[in-house]
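K.L.:
Structure below; questions to follow.
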Amino acid sequence: MSSVLIDTATITKQLLEAAQRQRICSLTFDNEPHTRIVHPYGVCQTAKNKIMIICWQEGGFAGTSKLPGYRNLSLLKCNTVELLDRHFLARFDFNPESDSYSEWLFHI
């Protein structure tokens, strides 16, 4: 099955829906061989002016990182979002007030 590349606004809307409905997602990114399975917590601008998807990654491609764990993934490098038929509960240690996040577009 081939993926259709979509624009950043559409990806952001899909992530917002997934976060609001607490739906687990499958994401694809530039130059990554496999999907990432994530719990989307929000989209924000970092202190270094990067737009990032803030999530808990439970499976899929992780490079050299261990799973599961929190990830800040580049929104601009995200190609597709698929909402899965599974839900997640927000982790107790998620802190949207952390200094790592400068300005939220949205968060759970």
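No lab work stands behind these numbers, since they all come straight from the coordinates. Keep in mind the model is a prediction, meaning the values are calculated, not measured. Virtual Cβ from ideal backbone geometry, glycine too; neighbours counted across all protein chains shown.
K.L.:
I want the local charge near Val38. Using Cβ-Cβ distances under 12 Å, sum +1 for each Lys or Arg and -1 for each Asp or Glu among the other residues.
P.N.:
+2
K.L.:
Compute the distance in nm between two label points, each set 7 Å from the Cα along the Cα-to-Cβ direction, one at Phe92 and one at Lys13.
P.N.:
Here the modelled spin labels are 3.8 nm apart.
K.L.:
Within segment 1-88, list the GluC sites (Glu not before Pro) lying in a DSSP loop whose Cβ has at most 16 other Cβ atoms in a 10 Å radius.
P.N.:
Details: sites: Glu17, Glu58, Glu82; in loops: none.
Taking segment 1-88 and a limit of 16 other Cβ atoms within 10 Å, no loop GluC sites (Glu not before Pro) are found.
K.L.:
Rounded to two decimals, what is the ratio between the C-alpha radius of gyration of segment 8-107 and 2.2 N^0.38 Å?
P.N.:
Cα-based Rg divided by the globular estimate yields 0.98.
K.L.:
Right, another one. Please report how many Lys pairs in the chain have alpha carbons closer than 21 angstrom, counting only residues at least 8 apart along the chain or sitting on separate chains.
P.N.:
Taking the chain as the scope, the lysine pair count is 5.
K.L.:
With n ≥ 4 as the cut-off for DSSP H runs, can you work out [θ] at 222 nm for the chain, using -39500 (n - 2.57) per run divided by the number of residues, rounded to the nearest 500? Don't jump to the answer; show the numbers that get you there.
P.N.:
Working: 1 runs with 14 residues, N = 108.
Helix contribution divided over all residues of the chain: -4000 deg cm²/dmol.
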